[in-house]
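Please read the structure below before turning to the comments.
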Amino acid sequence: MYTHLQLRGSDRPPVTLSTLAKMKEDGRKIASLTCYDASFAVLLDSADVDVVLVGDSLGMVIQGYDTTVPVTMNDVIYHCRAVARGLHRPFLMADLPFMSYPSKAEALSNSVRLMQEGGAKMIKLESGATQIEIVEFLAAHDIAVCAHLGLKPQSVHKTGGFRVQGRADDAAELMIANAKRLESAGADIVLLECIPSALGKQITEELHVPVIGIGAGPDTDGQILVLYDILDITTGRKPRFVQNFMQGAGSNQEALANYVKAVREVRYPAAEHEF
Ligand code: KIV
(Lines give C-alpha, C1' and ligand atoms only; values in the text may rest on other atoms or scores of the structure.)
Protein backbone atom coordinates (compact mmCIF):
# COMPACT_ATOMS: atom_id res chain seq x y z
CA MET A 1 0.00 0.00 0.00
CA TYR A 2 1.06 3.58 -0.67
CA THR A 3 3.88 2.30 -2.90
CA HIS A 4 3.83 5.50 -4.91
CA LEU A 5 4.12 7.66 -1.80
CA GLN A 6 7.06 5.56 -0.66
CA LEU A 7 8.73 5.94 -4.05
CA ARG A 8 8.49 9.73 -4.05
CA GLY A 9 11.91 10.01 -2.47
CA SER A 10 13.47 7.60 -4.96
CA ASP A 11 15.38 8.88 -7.97
CA ARG A 12 12.61 7.63 -10.34
CA PRO A 13 9.30 8.69 -8.77
CA PRO A 14 6.24 8.10 -10.98
CA VAL A 15 5.33 10.98 -13.31
CA THR A 16 2.11 12.75 -12.29
CA LEU A 17 0.16 15.70 -13.66
CA SER A 18 2.12 17.88 -11.18
CA THR A 19 5.40 16.63 -12.68
CA LEU A 20 4.16 17.57 -16.16
CA ALA A 21 2.91 21.00 -15.03
CA LYS A 22 6.32 21.69 -13.45
CA MET A 23 8.07 20.59 -16.65
CA LYS A 24 6.01 23.14 -18.61
CA GLU A 25 6.81 25.84 -16.04
CA ASP A 26 10.55 25.05 -16.17
CA GLY A 27 10.64 24.76 -19.97
CA ARG A 28 11.72 21.08 -19.81
CA LYS A 29 10.32 19.09 -22.74
CA ILE A 30 7.99 16.13 -22.18
CA ALA A 31 8.95 12.98 -24.13
CA SER A 32 5.99 10.73 -24.96
CA LEU A 33 5.39 7.65 -27.09
CA THR A 34 2.57 5.26 -27.85
CA CYS A 35 2.83 1.68 -26.62
CA TYR A 36 0.69 -1.45 -26.95
CA ASP A 37 2.31 -4.27 -24.96
CA ALA A 38 4.21 -5.07 -21.77
CA SER A 39 7.60 -5.84 -23.34
CA PHE A 40 7.85 -2.47 -25.08
CA ALA A 41 6.43 -0.79 -21.96
CA VAL A 42 9.44 -2.02 -19.98
CA LEU A 43 11.78 -0.60 -22.65
CA LEU A 44 9.96 2.76 -22.68
CA ASP A 45 10.17 2.94 -18.92
CA SER A 46 13.91 2.31 -18.88
CA ALA A 47 14.38 4.87 -21.68
CA ASP A 48 12.81 7.42 -19.28
CA VAL A 49 9.78 8.27 -21.43
CA ASP A 50 7.54 10.64 -19.43
CA VAL A 51 4.08 9.88 -20.86
CA VAL A 52 2.94 6.65 -22.52
CA LEU A 53 -0.23 6.53 -24.62
CA VAL A 54 -2.15 3.39 -25.44
CA GLY A 55 -3.46 4.99 -28.60
CA ASP A 56 -6.24 3.79 -30.84
CA SER A 57 -3.48 3.83 -33.49
CA LEU A 58 -3.28 0.20 -32.33
CA GLY A 59 -6.04 -0.41 -34.89
CA MET A 60 -3.59 0.48 -37.64
CA VAL A 61 -0.20 -0.70 -36.35
CA ILE A 62 -1.32 -3.83 -34.44
CA GLN A 63 -4.59 -4.87 -36.06
CA GLY A 64 -3.84 -3.82 -39.66
CA TYR A 65 -6.87 -1.61 -40.31
CA ASP A 66 -6.64 1.47 -42.57
CA THR A 67 -8.07 3.75 -39.87
CA THR A 68 -8.65 3.81 -36.10
CA VAL A 69 -12.43 3.62 -36.54
CA PRO A 70 -12.85 -0.16 -35.94
CA VAL A 71 -11.05 -0.06 -32.54
CA THR A 72 -13.28 -1.00 -29.58
CA MET A 73 -13.19 -0.31 -25.84
CA ASN A 74 -12.23 -3.95 -25.21
CA ASP A 75 -9.28 -3.61 -27.62
CA VAL A 76 -7.90 -0.55 -25.82
CA ILE A 77 -8.46 -2.10 -22.38
CA TYR A 78 -6.67 -5.33 -23.40
CA HIS A 79 -3.57 -3.43 -24.59
CA CYS A 80 -3.68 -0.88 -21.76
CA ARG A 81 -3.69 -3.61 -19.12
CA ALA A 82 -0.60 -5.19 -20.72
CA VAL A 83 1.22 -1.84 -20.94
CA ALA A 84 0.34 -0.94 -17.33
CA ARG A 85 2.05 -4.13 -16.13
CA GLY A 86 5.33 -3.05 -17.75
CA LEU A 87 5.41 0.56 -16.49
CA HIS A 88 6.64 2.12 -13.29
CA ARG A 89 7.65 5.75 -13.93
CA PRO A 90 5.73 7.02 -17.00
CA PHE A 91 2.25 8.55 -16.77
CA LEU A 92 -0.18 6.20 -18.56
CA MET A 93 -2.84 7.67 -20.82
CA ALA A 94 -5.36 5.69 -22.92
CA ASP A 95 -7.59 6.63 -25.84
CA LEU A 96 -11.35 6.58 -25.72
CA PRO A 97 -11.98 4.94 -29.12
CA PHE A 98 -14.44 5.98 -31.84
CA MET A 99 -18.01 6.44 -30.54
CA SER A 100 -17.18 5.51 -26.96
CA TYR A 101 -18.03 9.06 -25.77
CA PRO A 102 -21.17 10.24 -27.64
CA SER A 103 -22.80 11.26 -24.33
CA LYS A 104 -21.53 12.38 -20.93
CA ALA A 105 -22.72 9.15 -19.28
CA GLU A 106 -21.01 6.91 -21.86
CA ALA A 107 -17.82 8.98 -21.70
CA LEU A 108 -17.76 8.60 -17.92
CA SER A 109 -18.47 4.88 -17.79
CA ASN A 110 -15.91 4.15 -20.54
CA SER A 111 -13.28 6.36 -18.85
CA VAL A 112 -13.86 4.44 -15.64
CA ARG A 113 -13.33 1.18 -17.56
CA LEU A 114 -10.02 2.45 -18.98
CA MET A 115 -8.89 3.35 -15.47
CA GLN A 116 -10.24 0.40 -13.48
CA GLU A 117 -9.82 -2.40 -16.03
CA GLY A 118 -6.95 -0.96 -18.08
CA GLY A 119 -4.90 0.80 -15.39
CA ALA A 120 -4.87 4.17 -17.22
CA LYS A 121 -4.31 7.33 -15.23
CA MET A 122 -5.64 9.70 -17.87
CA ILE A 123 -8.04 9.34 -20.77
CA LYS A 124 -7.67 11.08 -24.14
CA LEU A 125 -10.53 12.01 -26.42
CA GLU A 126 -10.62 13.64 -29.84
CA SER A 127 -12.17 17.00 -29.10
CA GLY A 128 -13.84 20.06 -30.52
CA ALA A 129 -16.67 22.32 -29.44
CA THR A 130 -18.99 19.29 -29.14
CA GLN A 131 -16.81 17.66 -26.49
CA ILE A 132 -16.56 20.67 -24.14
CA GLU A 133 -19.47 19.54 -21.95
CA ILE A 134 -18.09 16.00 -21.89
CA VAL A 135 -14.66 17.21 -20.75
CA GLU A 136 -16.34 19.34 -18.07
CA PHE A 137 -18.36 16.34 -16.89
CA LEU A 138 -15.30 14.04 -16.73
CA ALA A 139 -13.25 16.68 -14.93
CA ALA A 140 -16.09 17.16 -12.42
CA HIS A 141 -15.78 13.44 -11.70
CA ASP A 142 -12.01 13.75 -11.12
CA ILE A 143 -11.00 12.02 -14.34
CA ALA A 144 -7.72 13.34 -15.78
CA VAL A 145 -8.41 14.35 -19.38
CA CYS A 146 -6.27 14.98 -22.46
CA ALA A 147 -8.10 16.85 -25.24
CA HIS A 148 -6.86 15.90 -28.75
CA LEU A 149 -7.17 18.69 -31.35
CA GLY A 150 -5.98 19.23 -34.92
CA LEU A 151 -6.02 16.13 -37.11
CA LYS A 152 -8.56 13.79 -35.53
CA PRO A 153 -8.12 10.30 -37.06
CA GLN A 154 -11.52 9.08 -35.76
CA SER A 155 -13.20 11.71 -38.00
CA VAL A 156 -11.24 10.83 -41.12
CA HIS A 157 -14.27 9.60 -43.09
CA LYS A 158 -16.10 12.86 -42.39
CA THR A 159 -13.18 15.24 -42.93
CA GLY A 160 -11.93 13.55 -46.08
CA GLY A 161 -8.49 12.20 -45.16
CA PHE A 162 -5.36 12.52 -43.03
CA ARG A 163 -4.55 16.18 -43.71
CA VAL A 164 -2.77 19.06 -41.98
CA GLN A 165 -5.34 21.07 -39.99
CA GLY A 166 -5.53 24.76 -39.06
CA ARG A 167 -3.78 26.19 -42.11
CA ALA A 168 -6.50 28.76 -42.92
CA ASP A 169 -6.83 31.74 -40.56
CA ASP A 170 -10.43 30.95 -39.56
CA ALA A 171 -9.59 27.28 -38.82
CA ALA A 172 -6.57 28.36 -36.74
CA GLU A 173 -8.68 30.88 -34.78
CA LEU A 174 -11.30 28.21 -34.10
CA MET A 175 -8.67 25.75 -32.88
CA ILE A 176 -7.18 28.35 -30.52
CA ALA A 177 -10.65 29.17 -29.17
CA ASN A 178 -11.54 25.47 -28.72
CA ALA A 179 -8.23 24.73 -26.99
CA LYS A 180 -8.90 27.53 -24.49
CA ARG A 181 -12.50 26.40 -23.94
CA LEU A 182 -11.37 22.80 -23.37
CA GLU A 183 -8.75 23.99 -20.89
CA SER A 184 -11.38 26.04 -19.03
CA ALA A 185 -13.66 22.97 -19.07
CA GLY A 186 -11.00 21.03 -17.17
CA ALA A 187 -8.67 19.41 -19.74
CA ASP A 188 -5.32 18.71 -18.01
CA ILE A 189 -3.31 18.22 -21.20
CA VAL A 190 -3.95 19.30 -24.79
CA LEU A 191 -2.57 17.18 -27.64
CA LEU A 192 -2.16 18.79 -31.06
CA GLU A 193 -1.81 16.63 -34.18
CA CYS A 194 -0.61 17.71 -37.60
CA ILE A 195 -0.88 21.50 -37.54
CA PRO A 196 1.44 24.34 -38.63
CA SER A 197 4.29 24.98 -36.17
CA ALA A 198 3.27 28.63 -35.69
CA LEU A 199 -0.18 27.52 -34.52
CA GLY A 200 1.36 24.89 -32.20
CA LYS A 201 3.53 27.63 -30.69
CA GLN A 202 0.63 30.04 -30.21
CA ILE A 203 -1.65 27.47 -28.54
CA THR A 204 1.20 26.32 -26.27
CA GLU A 205 1.89 29.91 -25.20
CA GLU A 206 -1.78 30.71 -24.57
CA LEU A 207 -2.57 27.62 -22.47
CA HIS A 208 -1.57 27.01 -18.85
CA VAL A 209 -1.77 23.21 -19.15
CA PRO A 210 0.97 21.21 -20.89
CA VAL A 211 0.62 20.88 -24.68
CA ILE A 212 2.02 17.78 -26.39
CA GLY A 213 2.44 17.80 -30.15
CA ILE A 214 2.69 15.27 -32.97
CA GLY A 215 3.55 17.13 -36.15
CA ALA A 216 2.85 20.43 -34.37
CA GLY A 217 6.37 21.89 -34.42
CA PRO A 218 9.19 22.25 -31.90
CA ASP A 219 7.55 24.76 -29.56
CA THR A 220 4.93 22.56 -27.87
CA ASP A 221 5.74 21.51 -24.29
CA GLY A 222 6.34 17.94 -25.41
CA GLN A 223 6.34 15.53 -28.32
CA ILE A 224 4.62 12.24 -28.97
CA LEU A 225 5.14 9.76 -31.80
CA VAL A 226 3.83 6.31 -32.69
CA LEU A 227 6.33 3.76 -31.34
CA TYR A 228 6.34 1.58 -34.47
CA ASP A 229 7.09 4.64 -36.63
CA ILE A 230 10.24 5.64 -34.72
CA LEU A 231 11.47 2.03 -34.61
CA ASP A 232 10.96 1.76 -38.38
CA ILE A 233 8.53 -1.15 -38.00
CA THR A 234 5.71 0.65 -39.84
CA THR A 235 5.88 -0.01 -43.58
CA GLY A 236 4.85 2.29 -46.42
CA ARG A 237 4.83 6.07 -46.62
CA LYS A 238 5.24 7.77 -43.26
CA PRO A 239 4.00 11.22 -42.24
CA ARG A 240 6.45 14.10 -42.67
CA PHE A 241 6.90 14.49 -38.90
CA VAL A 242 8.19 10.93 -38.35
CA GLN A 243 11.89 10.34 -37.68
CA ASN A 244 13.41 6.86 -37.85
CA PHE A 245 15.38 6.61 -34.60
CA MET A 246 16.72 3.15 -35.51
CA GLN A 247 19.12 4.96 -37.82
CA GLY A 248 22.48 4.95 -36.03
CA ALA A 249 21.11 2.88 -33.11
CA GLY A 250 22.25 -0.66 -32.34
CA SER A 251 19.07 -1.72 -30.51
CA ASN A 252 15.48 -0.73 -29.81
CA GLN A 253 16.57 0.45 -26.34
CA GLU A 254 19.22 2.76 -27.81
CA ALA A 255 16.74 4.14 -30.38
CA LEU A 256 14.24 4.94 -27.61
CA ALA A 257 16.92 6.61 -25.49
CA ASN A 258 18.00 8.66 -28.54
CA TYR A 259 14.39 9.78 -29.09
CA VAL A 260 13.99 10.91 -25.47
CA LYS A 261 17.32 12.77 -25.63
CA ALA A 262 16.45 14.43 -28.96
CA VAL A 263 13.10 15.66 -27.56
CA ARG A 264 14.69 16.95 -24.34
CA GLU A 265 17.44 18.75 -26.24
CA VAL A 266 14.92 20.14 -28.77
CA ARG A 267 16.76 18.46 -31.66
CA TYR A 268 13.52 16.64 -32.59
CA PRO A 269 11.42 17.85 -34.38
CA ALA A 270 13.78 19.48 -36.88
CA ALA A 271 12.81 21.82 -39.72
CA GLU A 272 12.15 18.93 -42.12
CA HIS A 273 9.43 17.56 -39.77
CA GLU A 274 7.43 20.81 -39.63
CA PHE A 275 4.34 22.07 -41.43
O1 KIV B 1 -3.70 6.90 -31.25
C2 KIV B 1 -2.61 7.49 -31.27
O3 KIV B 1 -1.54 6.90 -31.43
C4 KIV B 1 -2.62 8.94 -31.10
C5 KIV B 1 -1.33 9.64 -31.42
C6 KIV B 1 -1.30 9.93 -32.86
C7 KIV B 1 -1.15 10.83 -30.59
O8 KIV B 1 -3.61 9.51 -30.79
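Just check region 16-97 against the gyration tensor rule for me: Cα atoms, a ≥ b ≥ c as the square roots of the eigenvalues, rounded for a/c under 1.5, and otherwise prolate or oblate depending on whether a/b exceeds b/c. Note, shape of region 16-97 comes out prolate. Just the number, please: carbon plus sulfur as a percent of the accessible area of region 3-273, 1.4 Å probe, no ligands or DNA/RNA counted. Using a 1.4 Å probe with all protein chains present, region 3-273 comes out at 51 percent carbon and sulfur. At R0 = 25 Å, how high is the FRET efficiency between residue 162 and residue 106 if r is their beta carbon distance? Nearest 0.05 is fine. E(calc), rounded to 0.05, equals 0.45.
Of the residues 107, 140, 21, the one that moves most in a GNM of the chain with alpha-carbon contacts below 10 Å is 140. Let me know the shape class of region 173-275, please: from the alpha-carbon gyration tensor, a ≥ b ≥ c as square roots of the eigenvalues, rounded when a/c is under 1.5, otherwise prolate if a/b is greater than b/c, or oblate. Prolate, since a/c reaches 1.5 and a/b exceeds b/c.
Shape class of the chain from the Cα gyration tensor (axes a ≥ b ≥ c, square roots of the eigenvalues): rounded, since a/c falls below 1.5. As a calculated quantity, the FRET efficiency between residue 39 and residue 117 at R0 = 22 Å, using C-beta atoms, amounts to about 0.60.
A Förster radius of 22 Å combined with the Cβ-Cβ distance from residue 238 to residue 62 puts the calculated FRET efficiency at roughly 0.85. Computed over region 1-102, relative contact order equals 31 percent, with contacts defined as Cα pairs under 8 Å that lie 6+ residues apart. For region 110-188, trypsin sites (Lys or Arg not before Pro) meeting the loop criterion (DSSP other than H, G, I, E, B) and having at most 13 other Cβ atoms within 10 Å: 163, 167. State which entries of 104/152; 24/121; 104/201; 152/238; 180/238; 24/180 exceed 22 angstrom in Cα-Cα distance in the structure shown. The answer is 104/201; 180/238. The aspartates and glutamates whose alpha-carbon is closer than 15 Å to the alpha-carbon of residue 29, local same-chain residues fewer than 8 away aside, are 48, 50, 205, 219, 221, 265.
The values are calculated or read from the model by the stated rules, or taken from the named source; none is laboratory data. Here the structure is a predicted model, which is why all the values come from computation and not from measurement. All Cβ positions, even for glycine, are placed from backbone atoms using ideal geometry, and neighbour counts span all protein chains on display. Only protein heavy atoms, including side chains, enter the accessible area calculation; ligands, DNA and RNA are left aside. Shrake-Rupley method; radii C 1.70, N 1.55, O 1.52, S 1.80 Å.
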